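Here the structure comes first, spelled out in structure tokens, and everything after it is commentary.
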Amino acid sequence: MTIWWLALILAFLAAAGLAFVWLAVRIGGTQGGSPSKVSLSGSAADAAKEDVEHIFNDEFREELRNRGRLHFEKIIGENAMFLQQDLRLTTSQLNEYMKTEITKKLKEEFDKYEQSIMDAKQLAIDAIEKTNAAVDEQRKRLGEELQNEVREQKLHLIKHFEENMADVVNHYVLSAIGNQIDLTDQLEYILAELEANKEAIVEDISNGA
Amino acid sequence: MEREAGAFVLPPLVVGIADIMRLKRELDALYEYLHQSALRHTPETELKLPKTSRVLDELIKANKLDLLKREQYELVMAQLNAIEQRAPQIHLSFSSDPSSAFIVRIVEWLRQNIHPGVLVQIGLQPTLAAGCVVRTTNKQFDLSLKHHFETARPLLIQKLQDGAAA
């Protein structure tokens, strides 16, 4: 709307300028024009002509010209002043408008920029929260897997220990008192064990190949 | 197990197949010496029999043999060949190398209770700690302390659990 007002003012000023120019040209044309072609008869005409020339002599004409020039200059000056005032006003309004518009635009851009920053911040927060959740989930799963692994390993070790307990104890006994165990001392034990398995041994020997 | 009357007796010093083969070689050598002496017509008063091993002495003593008679020599060789081919064999593994007296006791028991002609092969298995492993033709009897621990594993576990609880 303000642009239209500005254009209207400028058009008005241009029209006023053109009007002054046209008036000045018209006035100049009237003063420097050809003598009247009205045909007057005789001396009356000459007398009138003389009176006219007497009244409108060069000095009077010069006076009129000066007055017209001064008037024209005055009008030009006033209009120039008005034009200058209008221009200043327009410039001021234009500056104000530009300032307002630029401020508005900058505010809008800053709002958009702030909104973009807020969106990006929110996205980053969401991404960080998702990452944290994923890391927590992964850590929890790894913890459970580790606990299961440790439990299985423990059970495996216990099972392995129980399965090989006889070897462990035997190895311990062998290392501890192996040098002190004499076969002669074991003779009764061995004979007793042979006696206990006597029937199976006899049966296998009897049925052997 | 009762011994048949008049049956060939293996003394306890004859433990395994290696002793049978050693006896056969010794008897061959003795018979060869007697044969050479007969060919040279050496008088019996001058005949000096080579010194025989303790195992052969025990064999002669146990079976009341007169090896100067050829038929008895042939009888012993036939018995030894039969034992070498058909006698049952038992493999015994101990944690250390057993003494001769120990082996004699074991062989005596086996020939009295299992089979009179059984041959024994002695092995070494240091991981046994105590006891022995008996391997017959088709079976193996683990009479070791290790096997005893394995059969008593529930008791060991129970003791360990009681110790952990305490």
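The values are calculated or read from the model by the stated rules, or taken from the named source; none is laboratory data. If you're wondering where the values come from, they're calculated on a predicted model, not measured in any experiment. Quick reminder, even Gly has a Cβ in these numbers, built from the backbone with ideal geometry, and neighbours come from all protein chains shown. Keep in mind that these areas ignore ligands, DNA and RNA; they rest on the heavy atoms of the full protein, side chains included. Shrake-Rupley method; radii C 1.70, N 1.55, O 1.52, S 1.80 Å.
Here are some notes:
- Expressed as a fraction of 2.2 N^0.38 Å, the C-alpha radius of gyration for the range B:66-127 is 1.42.
- Amide H contacts of B:I90: B:L119, B:V120, B:Q121, each under 5 Å away and 5 or more positions distant or on a separate chain (H built 1.01 Å from N in the peptide plane; Pro and chain starts excluded).
- Within chain B, DSSP assigns beta bridges of which about 60% are antiparallel (rounded to the nearest 5).
- Among A:Y172, A:Y113, A:Y189, residue whose mean-square fluctuation peaks in a GNM of chain A (springs only between Cα atoms under 10 Å): A:Y189
- Globularity ratio of the protein assembly as shown, using Cα Rg and 2.2 N^0.38 Å: 3.44
- Near B:G131, the amide H atoms lying under 5 Å from its own belong to B:L145; only residues 5 or more places off or on other chains count, and H is placed 1.01 Å from N.
- Inter-chain Cβ neighbour average for residues B:123-133, partner chain, 10 Å: 4
- Largest-first ordering by accessible area, 1.4 Å probe, given options B:W109, A:W22, A:W4: A:W4, A:W22, B:W109
- Lys pairs, the range B:13-86 - Cα-Cα below 16 angstrom, 8 or more residues apart or on other chains: 4
- Taking every lysine pair in chain A that is 8 or more places apart or spans two chains, those with Cα atoms closer than 30 Å amount to 14.
- In Å², nearest 10: area of A:R141 left accessible to a 1.4 Å probe: 100 Å²
- Look at the alpha carbon pairs under 8 Å that are at least 6 residues apart: their mean separation over the length of the range B:13-86 gives a relative contact order of 45 percent.
- Shielding of peptide A:180-193 by partners, expressed as the average count of other chain Cβ atoms within 10 Å per residue Cβ, is 6.
- Binning the C-alpha pair distances of the range B:70-166 at 10 Å intervals from 0 yields a P(r) profile of 14, 31, 26, 15, 9, 3, 2, 0 %, listed from the shortest bin outward.
- Chain A: angle of helix A:187-196 to the longest principal axis, Cα-based, in degrees nearest 10: 90 degrees
- Taking a straight line from the alpha carbon of B:K146, these aspartates and glutamates sit under 13 Å away, with near neighbours fewer than eight places off in the same chain left out: A:E163, A:D167.
- MRE, 222 nm, helices only [DSSP H, n ≥ 4, -39500 (n - 2.57), over the protein assembly as shown, to nearest 500]: -25000 deg cm²/dmol
- Here the mean projected area of the convex hull built on the C-alpha positions of the range B:13-86 is 5.0 nm².
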